[in-house]
Each structure stands twice: as structure tokens, then as C-alpha cells.
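Heads up: the structure comes next, in C-alpha cells.
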Amino acid sequence: MQTGRVRSVNVAPKKGRSKEPVPQIEIRENWGVVGDAHAGMREDESHKGWAHRQVSLLAWESICKARDAGLDVKEGDFAENITTEGIDLLTLPLGTIVRIGTDVMLELSQVGKVCHTKCAIYHLMGDCIFPREGIFFVVRSGGAVQAGDSITIVAEGTGTCADTPQSALDELAATR
């Protein structure tokens, strides 16, 4: 079973910007990160298909690739809630259950995303890694998370997540 650790926890009160590292975040079941602009997204007309994207993770190793390409970026710059280290996020199938620390349980609901509007990082670099290397989870059990917390794969997924709408999967497939 893979294990890793939390390198940074990050929050932004408004969408469309980098998230700032903070000492600790509170993750709420079926909601996301308390105080973050992306928390609480639901299936409605204004946020169609986002209810399954409650918490976002990006590997420090992915950020290091961007740094190696010459970009001056840090944790949170790609708008991820949790920056991880030592766990290969991109090998995890949908439905994988991850424990962070002792209380938080997340279920992998989406790998990557479609970038409809190019972010500041994209315009600076000509590319943004989050659409390919960021992953999203729904919150099954909430709690506090801070840098240094352990990340453990509790159960490997089967490739599906009941919370992921087919339209999100179809949209991603069309871009790959």
C-alpha cells in the first residue's frame, strides 16, 4: 500500500487565484475545505458537475517538474488544497479511499480537469500542470489536516466513483 505525507495545506477565499499555505485546514464531510472558495459546490445550474470536486490534491513532485522547467512556483500556486509528497497520485484509480491523518477519509472522484479559462500560470508558462496532474476527492469523513500528516491508501478503487457524473468523465475523455 502506498503512503505519503501532506507537504502543505492551502486555501483561497476567492476563485481564480492561487491558494495560500496555512497552518491547518478543516475538511467538512460532503463540503470540502472550510473557508475555501471551491467548498460547497453542488449540482446546480451555476456549478454544473462540480459536487464531486470537494478537495483537490497535487503532488509536490509535479510542482518540482514545473520548477525544473524554470517556473518560480510553490505549494498552492496551482490552486490545490493539499500538496502531497511521496505518493504517486496519478496511479490511483477512481474510487480509491485515502486517509489523511487519523480522521479524514476521501474518495477519489476525478483525475485531472478541463481548463476552460486559462489561468495565470498557464499564461506565464504556456502550460498548467493541474489539468493533467491534479486530482479531486469527495469527503467521506472530515477533520483537521496540517503539513506533516500521513496519507495512506485505505482501499484501492475499482475505477468508478458514484459521485462522479458521467458528463465530467466524458468531458475529460474528449480532451485526452
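Observations, loosely collected:
- Fewest-first sequence of Met1, Met105 by Cβ atoms within 10 Å of each Cβ: Met1, Met105
- Given R0 = 25 Å, the distance between the Cβ atoms of Val22 and Ser150 translates into a calculated FRET efficiency of 0.85.
- Against the empirical curve 2.2 N^0.38 Å, the C-alpha radius of gyration of region 1-101 lands at a ratio of 1.10.
- Distance (nanometres) between label positions extended 7 Å along Cα→Cβ at Leu71 and Asp170: 3.0
- Region 132-176: GluC sites (Glu not before Pro) falling in loop per DSSP and having at most 15 other Cβ within 10 Å: Glu156
- Neighbour counts of C-beta atoms inside 10 Å place Phe137, Phe130 in the sequence Phe130, Phe137, starting with the fewest.
- Sequence of Cys128, Cys64 once ranked by neighbouring C-beta atoms within 10 Å, starting from the fewest: Cys64, Cys128
Every read-out reported here was derived from the displayed coordinates using simple, explicitly stated rules and does not represent laboratory data. If you're wondering where the values come from, they're calculated on a predicted model, not measured in any experiment. Positions of Cβ are backbone-derived with ideal geometry, glycine not excepted, and every protein chain shown enters the neighbour counts.
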